[in-house]
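Here the structure is laid out as structure tokens; the discussion comes afterwards.
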Amino acid sequence: RSEDGFITTVKVSADGKTITQVKKVEHDTKQGRWNKLIKVGGNIYALYYYGEAAGSGTTMKTFTIPADGSTITEEKSVVISGNISTQPALIQAGSDTYISIHNTSNTGYVRTWTISADGKTITNVKNQSYNYFGHDPSIVKLDSDSYAVASYGITTDYNGTSRWGGLITTFDIPTDGS
């Protein structure tokens with residue numbers, strides 16, 4: 001299917017004129033949309049995405065991908081059920097702590113995770129529901145324990161009228177994810 005989940009590695013020539021596919025792996029045979037891929041460290045990567053395997057929820061996976069891209073090995077997969085309605089987001093908060101966000105139809109969720117250095121262990125530390133984040137959320141780290149989420153959704157303007165617009169939500173999360 002066209003919406004299956006794939007990871008592809010490529011080699012780019014020194015002059016940037018040639019791009020060659022090295023390896024392509026199908027990591028989800030049902031659906032893999034709205035992918036957020038970040039480097040955990042070394043050759044380990046974490047992928048957070050929307051997929052049918054999770055009952056229209058999200059999945060967190062880790063992969064080992066060497067620098068030459070010759071292999072792509074799935075190390076661990078954790079399915080998070082729930083019907084999400086917008087793209088998820090993922091950010092590294094500390095050496096082994098990560099923060100993910102996503103929405104259902106009217107509630108936003110923040111989850112904290114620890115991922116082992118070898119990618120073989122993914123542990124959900126805490127789940128917290130928040131007001132709706134909006135569409136296409138993006139998360140940034142402001143300082144050691146403060147984060148901001150920018151998105152697009154229904155907001156109340158200065159006259160008290162609900163309308164579509166930009167949303168910014170801030171929150172604090174301890175560095176250990178608790």
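The values are calculated or read from the model by the stated rules, or taken from the named source; none is laboratory data. The structure displayed is predicted, hence computed values, not measured ones. Cβ sites come from the backbone with ideal geometry, for glycine too, and all protein chains shown count toward neighbours. What goes into the accessible areas is simple: the full protein's heavy atoms, side chains included, and nothing from ligands, DNA or RNA. Shrake-Rupley method; radii C 1.70, N 1.55, O 1.52, S 1.80 Å.
If we scan the stretch 162-174, do we find a residue that is under 23 Å from Gly41 (Cα atoms) and either modelled with pLDDT of 85 or more or not charged (D, E, K, R) (or both)? Yes, the stretch 162-174 contains a residue that is under 23 Å from Gly41 (Cα atoms) and either modelled with pLDDT of 85 or more or not charged (D, E, K, R) (or both). Here is the figure for the stretch 151-178: residues that are touching a residue at least 40 places away in the same chain (Cβ under 8 Å) and hydrophobic (A, V, I, L, M, F, W, C) total 2. Being exposed (fewer than 12 other Cβ atoms within 10 Å of the Cβ) and aliphatic (A, V, I, L, M) is the filter here, so list the residues in the stretch 11-37 that pass it. Val12, Ala14, Ile19 - these are the residues of the stretch 11-37 that are exposed (fewer than 12 other Cβ atoms within 10 Å of the Cβ) and aliphatic (A, V, I, L, M). Annotation: of all residues in the stretch 162-177 being of a type in the set (Val, Ile, Thr) and assigned to a loop (DSSP other than H, G, I, E, B), the one that is farthest from Ser144 (Cα to Cα) is Ile173. Answer yes or no: is there a residue in the stretch 47-58 that is touching a strand residue (DSSP E or B) at 6+ places or on another chain (Cβ under 6 Å) and modelled with pLDDT of 90 or more. Taking every residue of the stretch 47-58 in turn, at least one turns out to be touching a strand residue (DSSP E or B) at 6+ places or on another chain (Cβ under 6 Å) and modelled with pLDDT of 90 or more. Within the stretch 162-176, the set of residues being among the polar types (S, T, N, Q), touching an Asp or Glu at 6+ places or on another chain (Cβ under 8 Å) and open to solvent by less than 50 Å² (accessible area, probe 1.4 Å) is empty. Looking only at the stretch 38-77, residues that are in a strand (DSSP E or B), in contact (Cβ under 8 Å) with a residue 24 or more places away in the chain and open to solvent by 60 Å² or more (accessible area, probe 1.4 Å) come to 2 in all.
Restricted to the stretch 112-161, and to residues that are among the acidic types (Asp, Glu) and assigned to a loop (DSSP other than H, G, I, E, B), which residue is surrounded by the fewest Cβ atoms within 10 Å (Cβ to Cβ)? So the residue we want is Asp143. When only residues in the stretch 78-100 that are assigned to a strand (DSSP E or B) and at pLDDT 85 or above count, which is most open to solvent (accessible area, probe 1.4 Å)? That would be Gln92.
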